[in-house]
Amino acid sequence: MNQKGFANIIIALIVLVVVVLGIAGYFMLKSNQQLSPTPGIKTTGGAGGKDGSLQFANGSITLLSPNGGETYTTGNQITIKWQTKNVASTAGIWIHLDTADGKHLNNGDLVSSWTDAPNNGVKTVTIPVDIPAGRYKLAVTVGQELEDVSDNYFTITSATPTFTQEQARTLVLRNWGGCTPDTCGSVTVSVQNNNGQYAVTAIYEGMRDDSVSAQKKVASAYYNNNVWTLGNATVTQRCQLNRGHQDFSSVPCL
């Protein structure tokens, strides 16, 4: 091969390398443009980020409610509302709870998948019964890249569980005591549910007393910090025959 032909091959190889490098650089630039936030646009990492409307490129999402100050109970439903701009209605929405220290709550997801909540501006969810009582912020994410959190904290309280007859009897024996051969013959415990407010009644029959035949104690049961407790008891008594009243009363027996 003569020198002129060899030089043409070298030039062709150089041109090919320049073209290949140029194409690769173009696609790398396009990729960076698609993945990098627009300069000056804010992003967030959850509750620890900036509250309010957050934007990426030309899209935005704003959480409308709950936006802080509300109180909810586990097991109840809440309606979440948001507003987006320049985001397709088919984009999926993720809804979850953030803790007071700015972290996603482990079991705080309020939807099961991205397709469970379309971007239509409203979603009714149920607060899981195993969510710990406390202060939280709500975070909504659209399209896996736009997120907004509530401006302030709201409160979740635990639903009061059913107070059972067995629990009532345990509390009565622990707080008021049972019968012994020297005190009474038997104790009967009952519970009355008044729209979620529980009243406990304990009747001590066969009192070993010359004037009092039976004693009744009534108190309210309270559920605090996952523990049932009894309030102050109201005490009345029924008298022995010929020793006074035969109905439970606070009037002393003779």
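Below, the figures for the structure above:
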| read-out | value |
| --- | --- |
| Flag for Gln197 being touching a residue at least 12 places away in the same chain (Cβ under 8 Å) and exposed (fewer than 13 other Cβ atoms within 10 Å of the Cβ) | yes |
| Any hit, the stretch 209-223, residues being within 30 Å of Asp98 (Cβ to Cβ) and touching a residue at least 60 places away in the same chain (Cβ under 8 Å) | yes |
| Any hit, the stretch 143-160, residues being more than 30 Å from Gln83 (Cα to Cα) and not charged (D, E, K, R) | yes |
| Identity of the residue in the stretch 195-218, among the polar types (S, T, N, Q) and closer than 20 Å to Asn232 by Cβ, that ends up nearest to the chain's Cα centre (by Cα) | Gln197 |
| Segments classed as strands (runs of 3 or more DSSP E), wholly inside the stretch 77-166, with at least 1 members that are in contact (Cβ under 8 Å) with a residue 40 or more places away in the chain and in contact with a Lys or Arg (Cβ under 8 Å, 6 or more places away or on another chain) | 77-85, 93-98, 122-126, 146-149, 154-157 |
| Strands (runs of 3 or more DSSP E) contained entirely in the stretch 168-254, each with at least 2 residues that are farther than 30 Å from Ile156 by Cβ and either in contact with a helix residue (DSSP H, G or I) (Cβ under 8 Å, 6 or more places away or on another chain) or of a type in the set (Asp, Glu) (or both) | 186-194, 197-205 |
| Some residue of the stretch 93-113 being at pLDDT 90 or above and of a type in the set (Lys, Arg) | no |
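A quick yes/no check of all residues on (1) more than 30 Å from Tyr222 (Cα to Cα); (2) aliphatic (A, V, I, L, M); (3) not assigned by TED's automatic domain parsing to the domain that holds Asn226:
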| position | (1), (2), (3) |
| --- | --- |
| Leu63 | yes, yes, yes |
| Ile78 | no, yes, yes |
| Lys85 | yes, no, yes |
| Thr90 | yes, no, yes |
| Ile93 | yes, yes, yes |
| His96 | yes, no, yes |
| Gly108 | no, no, yes |
| Ser112 | yes, no, yes |
| Pro132 | no, no, yes |
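The values are calculated or read from the model by the stated rules, or taken from the named source; none is laboratory data. What you are looking at is a predicted structure, and each value in this text was computed from that prediction instead of being measured. All Cβ positions, glycine included, derive from the backbone under ideal geometry; neighbour counts span all protein chains shown.
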